[in-house]
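Peer 1: Have a look at this one before I ask anything.
Just so it is clear, none of the values below were taken in a lab; they were calculated from the coordinates. Just so it is clear, the model here is predicted, and its values are computed rather than measured. Virtual Cβ from ideal backbone geometry, glycine too; neighbours counted across all protein chains shown.
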Amino acid sequence: MFIDDHEEWFKNPEFWKIYKPLMFDPDRMEDTPLETGRIVELAGINPSSDILDLCCGEGRHMIELAKLGHRVTGVDITDPYLERGRKNAADAGVDVRFIKQDVRSFTEENRYDFAMNYFTSFGYFDDVEDDLIFCSNACRSLKSGGSFLIDTIGKETAALHFKETEWFQRDGYLIMLEYKITDGWTHIENRWMFVSDDHSEPAVLYETVFRHRLYSAIEMADLLNRAGFSEVRFFGALDGRPYDHRAERMLTLAVK
């Protein structure tokens, strides 16, 4: 099955349903409480804050933040993830708000102390102006002095850690990931395939190709300044290390 029947790939619910085991593996889920604690520390989130998670998925960080006493809202467009998030929140006994909406149209002015966009959920739009709209909406939704954390792959870290191909096994599948830099380091193209070891089934069960936009630190800072943020800082991991030649990720913290 080749998944490529939506004009904007990220709006296809089948993509998120099929590739969920790849993106939300048990180790990543187990690390969520630790990640959440580090997010709180890195961003300096005060107790009982109003928090907005943009492209929240199942809300794994939202639930942990609610357990810590924060008031949390999440926005996403993927129905299966939102439904699962509501169930997980109910099972955890916490009250969180899940909203189905495109982040390009969502804004609640001056409501939140902190907003986040985590786990490479940035740069999906074909038009770079849509990224500006997204960031501008986030800025408008924050109170004065509020901060916005974006976790993504920077151009610098992509170059440092680049691999053309990865193979691994998960949930009974052999999974192949292929990566290609395109458009003069503007985008990274991803090809994901689930391959069956069972000879009674087709060798390639699922395949999809998609891409997202890459930003360097200076490009991200310019975008966020244009969106209305007054201060932009960069980190190389959640532990607060510098964004330098040893960085693992590009964590951007912008202040309104």
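Peer 1: Considering only DSSP states other than H, G, I, E and B, which GluC sites (Glu not before Pro) in the range 128-229 qualify as loop sites with at most 11 other Cβ atoms within 10 Å? If you can, show how the numbers build up before the last one.
Peer 2: Working: sites: E129, E156, E164, E166, E178, E189, E207, E219; in loops: E164.
Those satisfying the criteria are E164.
Peer 1: Sorting T165, T107, T152 on the 10 Å Cβ count, fewest up front, what's the list?
Peer 2: Neighbour counts put them in this order, fewest first: T165, T107, T152.
Peer 1: How high is the relative contact order of the chain, given as a whole-number percent (alpha carbon pairs under 8 Å, six or more residues apart)?
Peer 2: About 17 percent, as a whole number.
Peer 1: Read phi for every residue in the range 170-182 and hand back ³J(HN,Hα) as whole Hz from Karplus 6.51 cos²θ - 1.76 cosθ + 1.60, θ = phi - 60°, with x for Gly and Pro.
Peer 2: Result, ordered by residue: 7, 6, x, 10, 9, 10, 10, 10, 10, 10, 8, 7, 10 Hz.
Peer 1: Under the rule a/c < 1.5 gives rounded, and otherwise a/b versus b/c splits prolate from oblate, where does the range 1-135 land using the Cα gyration tensor?
Peer 2: oblate
Peer 1: Okay, next question. Can you tell me the orientation of helix 79-92 relative to the chain, as the angle in degrees between its alpha-carbon axis and the longest Cα principal axis, to the nearest 10?
Peer 2: Helix 79-92 sits at roughly 60 degrees to that axis.
Peer 1: Further, regarding this structure: Can you tell me the dipole magnitude for the chain around its Cα centre, using point charges on the Cβ only (Lys, Arg +1; Asp, Glu -1), in Debye to the nearest 20?
Peer 2: Dipole about the Cα centre, nearest 20: 880 debye.
Peer 1: Taking other Cβ within 10 Å of each residue's Cβ, how do S48, S216 sort, fewest first? If you can, show how the numbers build up before the last one.
Peer 2: Values: S48 10, S216 16.
Going from sparsest to densest Cβ surroundings: S48, S216.
Peer 1: Another question, then. Amide H to amide H, which residues 5 or more places from L142 or on other chains are under 5 Å from it, using H placed in the peptide plane?
Peer 2: It is N110, R111, Y112, by chain and number.
Peer 1: Report the gain in length on full extension from S216 to I99: 0.36 nm times residue separation, minus Cα-Cα distance, nm rounded to one decimal.
Peer 2: 39.1 nm
Peer 1: How far, in degrees from 0 to 90, does helix 32-43 lean away from the longest principal axis of the Cα atoms of the chain, to the nearest 10?
Peer 2: Computed tilt is about 40 degrees.
Peer 1: Quick one: 3J(HN,Hα) in Hz for the range 153-165, Karplus 6.51/-1.76/1.60 with θ = phi - 60°, rounded, Gly and Pro as x.
Peer 2: These are the phi-based 3J(HN,Hα) values: 9, x, 4, 5, 6, 4, 5, 5, 10, 5, 10, 6, 9 Hz.
Peer 1: Which of these, I188, I99, I18, has the largest mean-square fluctuation under a Gaussian network model of the chain (Cα springs below 10 Å)?
Peer 2: I18
Peer 1: Give me the percent relative contact order of the range 157-212, please, defined on Cα pairs under 8 angstrom at least 6 residues apart.
Peer 2: This gives 26 percent for the range 157-212.
Peer 1: Right, something else. Could you give the distance between the Cα centres of the range 148-171 and the range 33-66, to the whole Å?
Peer 2: So the separation of the two Cα centres works out to 22 Å.
Peer 1: Hey, another quick one. What relative contact order, as a whole-number percentage, does the range 124-256 give when Cα pairs under 8 Å and 6 or more residues apart are counted?
Peer 2: Value for the range 124-256: 30 percent.
Peer 1: Moving on. Give me, ordered by chain and number, the residues 5 or more places off I99 or on other chains with an amide H under 5 Å from its own placed amide H.
Peer 2: Those qualifying (amide H under 5 Å, at least 5 residues apart or on another chain) are G74, V75, D76.
Peer 1: Continuing with the same structure: Give the residue from P13, T186, M220 lying farthest towards the positive end of the charge dipole for the chain; charges sit on Cβ (+1 for Lys and Arg, -1 for Asp and Glu) and the dipole is referred to the Cα centre.
Peer 2: M220
Peer 1: Is the shape of the range 157-212 best called rounded, prolate or oblate, per the rule: a/c under 1.5 gives rounded, else a/b larger than b/c gives prolate, else oblate, with a ≥ b ≥ c the square roots of the Cα gyration tensor eigenvalues? Walk me through the numbers on the way to the answer.
Peer 2: Working: a/c = 4.02, a/b = 2.20, b/c = 1.83.
Because a/c hits 1.5 or more and a/b exceeds b/c, the range 157-212 counts as prolate.
Peer 1: Next question. Rounded to whole Å and ordered largest first, report the semi-axes of the equivalent ellipsoid of the chain derived from its Cα gyration tensor (root of 5λ). Working shown, then result.
Peer 2: Values: eigenvalues 169, 100, 62 Å².
Working through the eigenvalues yields semi-axes of 29, 22, 18 Å.
Peer 1: Report, to the nearest 10°, how far helix 128-141 tilts away from the longest principal axis of the Cα atoms in the chain, using its own Cα long axis and a range of 0 to 90°.
Peer 2: With rounding to tens, the tilt is 40 degrees.
Peer 1: Counting only helical runs of four or more DSSP H residues, what would the 222 nm mean residue ellipticity of the chain come to if each run contributes -39,500 (n - 2.57) and the total is spread over all its residues?
Peer 2: Numbers: 9 runs with 80 residues, N = 256.
Theoretical 222 nm ellipticity from helices: -9000 deg cm²/dmol.
Peer 1: For L177 and E14, what does the FRET efficiency come to when R0 = 22 Å and r is the distance between their Cβ atoms, rounded to the nearest 0.05? It would help to have the intermediate numbers written out before the result.
Peer 2: Values: r = 18 Å, r/R0 = 0.83.
After rounding, the FRET efficiency stands at 0.75.
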